[in-house]
Every structure is written in structure tokens, then in C-alpha cells.
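Notes to accompany the following structure.
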Amino acid sequence: MPIPLSISQYQHALKKIARPPQAHNFVRYIHDDLDKMTKELVSFALNFPRYSYASGNTIVRDCINLSIDDRTAIEAVSTKGAPISRHLNVEYVSAFLENREALNLVGIPTFDQFVTPYPISADVQVPVKPLTTCLDGGKLRAIFSVGWATVPFNDFQWRLLSTIMEEAVFSLEDLKDANGEFHSFPRENSENPDSRKSLLMKRGDFQLLQPSELREVTDNYLTALERAKVILASYVVKDAPEENQSVIPSLPLFPDLQI
């Protein structure tokens with residue numbers, strides 16, 4: 001049985017579920033199975049990620065924009081961010097450093113960090129945020145990067161992510177002709193931290209979703225969202241203590257969800 005929610009915890013969960021995470025995390029819980037998607041939305045509303053790759057992303061961005069050397073990058077990521085996440089961030093940055101020359105991950109930063117919304121409905125928008133946008137060889141280049149130990153996308157999810165990036169970022173006037181790249185460095189062996197390899201998705205690698213397919217995704221997501229709200233409401237106990245932390249251990253979590 002789930003831990004009862006107080007009124008304030010319920011209100012907090014509703015606010016959280018109304019604000020989807022960044023596009024790559026949003027895509028992770030888009031499924032054909034409506035029940036699965038509903039459960040993961042409830043889990044998202046009630047739980048916080050165990051790990052964060054925020055410090056690793058900062059170092060990777062500095063490596064691209066400022067060309068900081070390997071030693072400085074590893075020293076920085078080893079001391080920054082939440083201690084529980086440092087080993088994963090060291091893995092991530094180390095894998096990036098092993099591949100940055102081959103991937104030519106360097107450039108002159110052009111825009112300050114920006115976030116552009118991808119609308120799901122009038123009330124729900126998915127934030128889309130490149131890690132950096134830089135000038136490389138006279139052409140703009142939008143670079144996305146995540147530190148996940150696994151990349152669980154199927155072909156449809158890759159197409160969805162590509163479509164969201166295309167409509168939210170590459171529809172902007174300055175970026176219509178830009179190169180786009182989504183970098184990740186997942187483990188080949190889930191038990192071996194040293195087995196991370198480069199996985200690159202470039203703009204144009206996947207066929208974009210058709211408008212009818214996007215409408216279906218949107219309709220299913222909004223249906224799952226309303227179902228999740230009903231489930232959350234069923235957990236409310238008016239006299240539940242405010243100090244309780246809301247967790248549902250039986251629901252699937254994303255233990256390495258990037259924030």
C-alpha cells in the first residue's frame with residue numbers, strides 16, 4: 001500500500017506532474033501501454049531521482065566551450081555535486097573525454113543557455129534545452145548530452161525525441177540550418193563502470209513522426225496524466241502527517257534520471 005498523502009503533499013505532487021521534465025526524460029515514459037505510462041507518471045509525481053548528472057553536464061559543457069583539459073575536468077567532477085552521484089558523473093565525464101576528440105566536441109559558444117518549450121496542451125509544456133549551442137566551422141551546432149548509464153529508447157522514442165527537438169529547437173530561425181547532436185555514453189555492460197561507449201544520434205538520423213502519430217502520443221499522454229491525477233487523489237488522507245515522504249516502492253523508477 002502506498003504511504004498516505006497529506007493535502008499539501010498531494011498539492012505538491014499535482015504541481016510536479018503538471019511540469020514535465022526535460023524532453024529526453026519526458027520521452028522515457030512515453031509508452032504504448034497506457035497503464036505503464038500512468039504508473040510512471042504517478043512515480044514521477046511522488047519521487048525524487050536518486051542520482052543527478054547536473055554536475056557532470058556542467059563539466060562537459062565547459063569542456064566543449066572552454067576546452068578545459070582532462071585532468072581539470074576529472075578533478076572538478078570528482079568534487080562537485082551530490083556525493084551519492086559523483087561516481088556516475090566521473091564515469092560520464094571520463095567517457096566524454098575519451099571520445100571528445102573523435103567526436104570533435106568543441107566549439108565557440110554562441111547563445112547563452114536557453115530553454116524552449118514544446119507544447120503538449122495549453123497547460124502542459126515540455127522544456128527542451130541543448131547543453132550548449134556553439135559555432136563550429138562557421139555553422140551553428142546544437143549539442144545535447146546526457147549522462148545515463150543506460151539509454152532505454154526504442155525506435156519510436158528516438159523518433160519522438162527527434163521530432164520534439166526539431167519542432168522546439170530547429171524550428172527557430174537562427175537554428176533552422178544548424179547541426180544537431182544528441183550524445184550519450186551508456187555502459188555496454190551494466191555491471192562494468194568502465195564499459196561506457198559513445199552513442200550518437202544526429203539530426204536527420206530518424207524519421208520524424210507524422211502529425212497523426214504526434215496527436216496519438218499527445219492524446220495518450222494526456223489520458224495517462226488524468227488517470228495519474230485520479231490515482232494521486234485516491235492516496236490523500238486528510239489527517240496524514242505532513243512530514244511523511246511520499247514514495248511508492250512498487251512503481252518503476254528511473255534511478256539515474258537526469259536533472
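So the values come out like this:
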| item | result |
| --- | --- |
| Search result, residues across segment 22-46 that are open to solvent by 20 Å² or more (accessible area, probe 1.4 Å) and either closer than 19 Å to residue 82 by Cα or not in a helix (DSSP H, G or I) (or both) | 22, 31, 32, 33 |
| Residues within segment 87-124 that are assigned to a loop (DSSP other than H, G, I, E, B) and of a type outside the set (A, V, I, L, M, F, W, C), tallied | 9 |
| Single residue of segment 60-86 satisfying the filter (hydrophobic (A, V, I, L, M, F, W, C) and part of a loop (DSSP other than H, G, I, E, B)) that is surrounded by the fewest Cβ atoms within 10 Å (Cβ to Cβ) | 82 |
| Long-range neighbours under 7 Å by Cβ, at least six apart or interchain, first residue at negative phi within segment 24-47, second among the charged types (D, E, K, R) | 29/40; 38/227; 45/16 |
| Filter result for residue 241 (at pLDDT below 95, touching a helix residue (DSSP H, G or I) at 6+ places or on another chain (Cβ under 8 Å) and either more than 30 Å from residue 6 (Cβ to Cβ) or open to solvent by less than 80 Å² (accessible area, probe 1.4 Å) (or both)) | no |
| Filtered residue count, segment 191-202, keeping only those that are out of contact with any Lys or Arg (no Cβ under 6 Å at 6 or more places or on another chain) and open to solvent by less than 80 Å² (accessible area, probe 1.4 Å) | 6 |
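Listed here are the residues, each with its yes/no results for (1) surrounded by 11 or more Cβ atoms within 10 Å (Cβ to Cβ); (2) of a type in the set (Gly, Ala, Ser).
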residue	(1), (2)
184	yes, yes
189	no, no
204	yes, yes
223	yes, no
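The values are calculated or read from the model by the stated rules, or taken from the named source; none is laboratory data. Every value quoted in this text rests on a predicted model; they were computed, and no experiment measured them. Quick reminder, even Gly has a Cβ in these numbers, built from the backbone with ideal geometry, and neighbours come from all protein chains shown. Surface accessibility is based on the protein's heavy atoms, side chains included, excluding ligands, DNA and RNA. Shrake-Rupley method; radii C 1.70, N 1.55, O 1.52, S 1.80 Å.
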